[in-house]
Amino acid sequence: MTLRKAGGRIAPVLQSGLALLVAIACLTARAEQPLSVVLNWTPNAQHAPLFYARAQGWYRQAGIELSIEPLLGSPAAIERVASGGNILAVSDFVAWLRAAAKGAPGTAVMVLDDASPYAFYFDRARGPGQAAEFHDRRLAAQPQDPMRALWPVLAARLGVDATVRWVDLANPAKPDALARGEVDVALNAFLHNHLGYAAALGEQLGVLWWRELGFDAYGLVLVSSAPLMRDAPDLLRRFVAVTQAAWTQCRAAPAPCVDALIVAQPDLDRAHELALWQLAQALPAGAFDDTRVQRTWADVEAAFGVRAPVGRSVVNREFLPAAGREVKN
């Protein structure tokens, strides 16, 4: 089987993706098997490679009839995976660990974003611009925001005082509140919100990415249902191989991938989604690193009072093609 684009062969991709494409091309043709992916939110550029690969017929060439369903939040996506069947979820990694600690079935099989998008946003003209200056400042966060619980853990690692004044604000209200000076810092856990802060603050936008402050979590990951791993491992391998190739192709040539998203979701703004994909490109896909997973477990356990499951791994890199199992640190 040879992967082809509409009207010809696949466009050139980054060298690191060629081995993945070869792995897919070696798969034999077969009848299409249904497979569903539930998203962690409404479709946006972070999901564009899924739409691109489907539009190009790559999943069909791999014997997969793919459906994509948006849900509102990683917990909802994880809950859907727990219902079983041939299904995977796009989920925030911290959300997945928290759910797994409470017994949610499934396994994360692929990293989509190699680093967490968690960040502090601030006005550079007013500050504070360093975590050490947050003491007794007004920090905006939703009451259920995981960053709120993780902040004392991160503060201890940085050796700074975690005492702040929390201001309860919904995510859409944070950028304007920050621009008006009603809060000093805003916590943001979602990459798709970044452009709202950029629009509200312009050149005064300041960002402290948690990944640069010692927070080792991954961003978005793919979580497979237990029945899919157990009963249809070859189907899962084919899906992961195509998806890995799609992410590689979209990094080499973003515009066609965003265009495929826009065709499927015509209400989206193309320029906005291209800008969002440029942010997502800075968080390349890769395989799970055991050390990073354990460090993130330690943070999650300390912040939320949970414990990692005993006798069960919640991540598995073995479904990636051999060429795609390189660990990025």
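Summary of computed values
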| read-out | value |
| --- | --- |
| Semi-axis lengths, Å, region 119-212, gyration tensor of Cα atoms, sqrt of 5 times eigenvalues | 19, 14, 13 |
| Square roots of five times the Cα gyration tensor eigenvalues for region 203-329, Å | 28, 23, 14 |
| Gap separating the Cα centres of region 40-98 and region 103-122, nearest whole Å | 14 |
| Protection proxy ranking of 236-242, 256-262 - average other beta-carbon atoms within 10 Å, highest first | 236-242, 256-262 |
| Reduced Cα scattering model of the chain, Debye log10 I(q)/I(0), q = 0.12, 0.13, 0.15 Å⁻¹ | -0.83, -0.97, -1.24 |
| Full-stretch length increase - Ala275, Ala132 - with 0.36 nm per residue and alpha-carbon distance subtracted | 48.4 nm |
| Burial ranking of peptide ranges 65-74, 212-221 (average Cβ count within 10 Å, highest at the top) | 212-221, 65-74 |
| 19 Å reach of a label modelled at Gln204, 7 Å along Cα-to-Cβ, counting backbone N of region 135-177 | 137-140, 173-177 |
| For region 65-222, convex hull volume per residue from C-alpha positions, Å³ | 121 |
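None of the figures in this text is laboratory data; all of them are computed from the coordinates on show. Computed from a prediction, not measured in an experiment: that's the story for all the values here. Glycine gets a Cβ as well: all are built from the backbone with ideal geometry, and neighbour counts include every protein chain shown.
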